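The values are calculated or read from the model by the stated rules, or taken from the named source; none is laboratory data. Because the structure is predicted, anything quoted here is derived from the model rather than measured. As a convention, Cβ positions derive from the backbone with ideal geometry for all residues, glycine included, and neighbour counts pool all protein chains shown.
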């Protein structure tokens, strides 16, 4: 079953047993932070207007609560990418395999902003918490 993830920084919490030998099939809806053309790595984090799915507890008072990101290897789909997908701040939908460290993208496309307004956001949040039967 493909799991929907709205908080890419929390993938290690969602899939603690993910590894190259046991990758997890996921769909991420997130916001592009940076894109490195030389390595074809996209850094994706939680969309700013979506509420955090996980609670961040900081034991260090000096540590700021930052929106963590995940590395997405888009080597296999780099020929399909354009500025509408890799520009900083763009909201993307990524289907791929998470190996505990990096997401290997199988499909990557931009998301229409209208899909993240109103009741759609709450529906997506509920879908991201569904468990396999």
| query | Does residue 98 satisfy the condition of being buried (at least 16 other Cβ atoms within 10 Å of the Cβ) and at pLDDT 90 or above? | reply | yes
| task | Report yes if some residue within the range 82-92 is modelled with pLDDT under 85, surrounded by fewer than 17 Cβ atoms within 10 Å (Cβ to Cβ) and part of a helix (DSSP H, G or I); otherwise report no. | result | yes
| request: Test residue 47 against the criterion of being touching a helix residue (DSSP H, G or I) at 6+ places or on another chain (Cβ under 9 Å), at pLDDT below 90 and closer than 27 Å to residue 19 by Cα, and give yes or no. | output: yes
| message | Cβ-Cβ under 7 Å, sequence separation 6+ or interchain: first residue in the range 86-108 and free of Cβ contacts under 8 Å to residues at least 24 places away in the same chain and on the phi > 0 side of the Ramachandran plot, partner surrounded by fewer than 16 Cβ atoms within 10 Å (Cβ to Cβ) and part of a strand (DSSP E or B). Which pairs? | response | none
| request: Kindly indicate whether any position in the range 108-122 is in contact with a helix residue (DSSP H, G or I) (Cβ under 9 Å, 6 or more places away or on another chain), at pLDDT 90 or above and surrounded by 17 or more Cβ atoms within 10 Å (Cβ to Cβ). | output: yes
| note | Counted residues in the range 1-40 being without any contact (Cβ under 8 Å) to a residue 12 or more places away in the chain and assigned to a strand (DSSP E or B) come to 2
| query | Before we move on, is residue 23 surrounded by 12 or more Cβ atoms within 10 Å (Cβ to Cβ), in contact with a strand residue (DSSP E or B) (Cβ under 7 Å, 6 or more places away or on another chain) and modelled with pLDDT of 90 or more? | reply | yes
